[in-house]
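*Asks:* Once you've had a glance at the structure underneath, I'll fire off some questions.
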Amino acid sequence: MTILRGQFAVMLIVSLPDADGKAELERLLAPVSAELGLDALTVSPVAESAAVAVSPDHVITVYGADHPGIVHSVSAALAGHGVNITDLQTKLTGSGPSPLYVMMLEVEIGEAAPAALERALAEVGESADVEIAIRELDSEAL
């Protein structure tokens, strides 16, 4: 669950008892959707897959003036180093005409070289005019 541009959004994964379960679920949810005035309700099958254990080991924080492209720049740099983003949260804080944009990511750096990753994030910070910091995640904090 999250708030996206002021809109409440929820994504759920459920198991249904049989192949006709999707149609029955849609039928049952339609009046609830209408009653709540939901803008969208989608029921889609997803392929069965084994649960993948994630082990975040670093936290990345990003601070700066809000503008388009911050999430893309940071996530592209991380993808370029094979880093797995396990959690990402953003928010605007402060008041006035220029609120502060804050992004916090939990990541699993895998085989990425920490020094190279820090350099890549520093380059993103400079080009996106944001402050980026990376630190090891204290496992006891989880």
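*Asks:* Among GLU126, GLU35, GLU111, which is the only one that is part of a helix (DSSP H, G or I), of a type in the set (D, E, K, R) and either within 26 Å of PHE8 (Cα to Cα) or in contact (Cβ under 8 Å) with a residue 24 or more places away in the chain (or both)? First the steps, then the outcome.
*Replies:* Working: GLU126 fails: either within 26 Å of PHE8 (Cα to Cα) or in contact (Cβ under 8 Å) with a residue 24 or more places away in the chain (or both); GLU111 fails: part of a helix (DSSP H, G or I).
Answer to the check: GLU35.
*Asks:* Something else: Between ALA34, ALA30, ALA40, which is loosely packed, with under 10 Cβ neighbours inside 10 Å, farther than 20 Å from GLU131 by Cα and either among the aliphatic types (A, V, I, L, M) or modelled with pLDDT of 80 or more (or both)? Spell out how you get there, then give the answer.
*Replies:* On the way: ALA34 fails: loosely packed, with under 10 Cβ neighbours inside 10 Å; ALA30 fails: loosely packed, with under 10 Cβ neighbours inside 10 Å.
Residue meeting the stated conditions: ALA40.
*Asks:* Still on this structure, please answer the following. Please verify whether LEU92 is open to solvent by 70 Å² or more (accessible area, probe 1.4 Å), without any contact (Cβ under 8 Å) to a residue 60 or more places away in the chain and in contact with an Asp or Glu (Cβ under 8 Å, 6 or more places away or on another chain), treating the condition exactly as stated.
*Replies:* On the way: open to solvent by 70 Å² or more (accessible area, probe 1.4 Å): yes; without any contact (Cβ under 8 Å) to a residue 60 or more places away in the chain: yes; in contact with an Asp or Glu (Cβ under 8 Å, 6 or more places away or on another chain): yes.
So LEU92 fits the description; yes.
*Asks:* Among the numbered criteria (1) farther than 29 Å from ASP87 by Cα; (2) open to solvent by 100 Å² or more (accessible area, probe 1.4 Å); (3) at pLDDT below 85, which one does GLY21 miss?
*Replies:* All conditions pass for GLY21, except number (2).
*Asks:* Could you give every pair whose Cβ atoms fall below 8 Å, whose first residue belongs to segment 52-74 and is surrounded by 13 or more Cβ atoms within 10 Å (Cβ to Cβ), and whose second residue is basic (Lys, Arg), counting only separations of at least 6 or pairs across chains?
*Replies:* Close Cβ pairs satisfying both conditions: HIS58/ARG135; VAL59/ARG135.
*Asks:* Right, another one. If we keep just the residues of segment 104-135 that are within 12 Å of HIS58 (Cβ to Cβ), more than 19 Å from the chain's Cα centre (by Cα) and open to solvent by 30 Å² or more (accessible area, probe 1.4 Å), which is modelled with the highest pLDDT?
*Replies:* Among residues in segment 104-135 that are within 12 Å of HIS58 (Cβ to Cβ), more than 19 Å from the chain's Cα centre (by Cα) and open to solvent by 30 Å² or more (accessible area, probe 1.4 Å), the one modelled with the highest pLDDT is GLU118.
The values are calculated or read from the model by the stated rules, or taken from the named source; none is laboratory data. Bear in mind the structure is a predicted one, so any value in this text is a computation, not a measurement. All Cβ positions, glycine included, derive from the backbone under ideal geometry; neighbour counts span all protein chains shown. Surface areas here come from the heavy atoms of the whole protein model, side chains and all, with no ligands, DNA or RNA. Shrake-Rupley method; radii C 1.70, N 1.55, O 1.52, S 1.80 Å.
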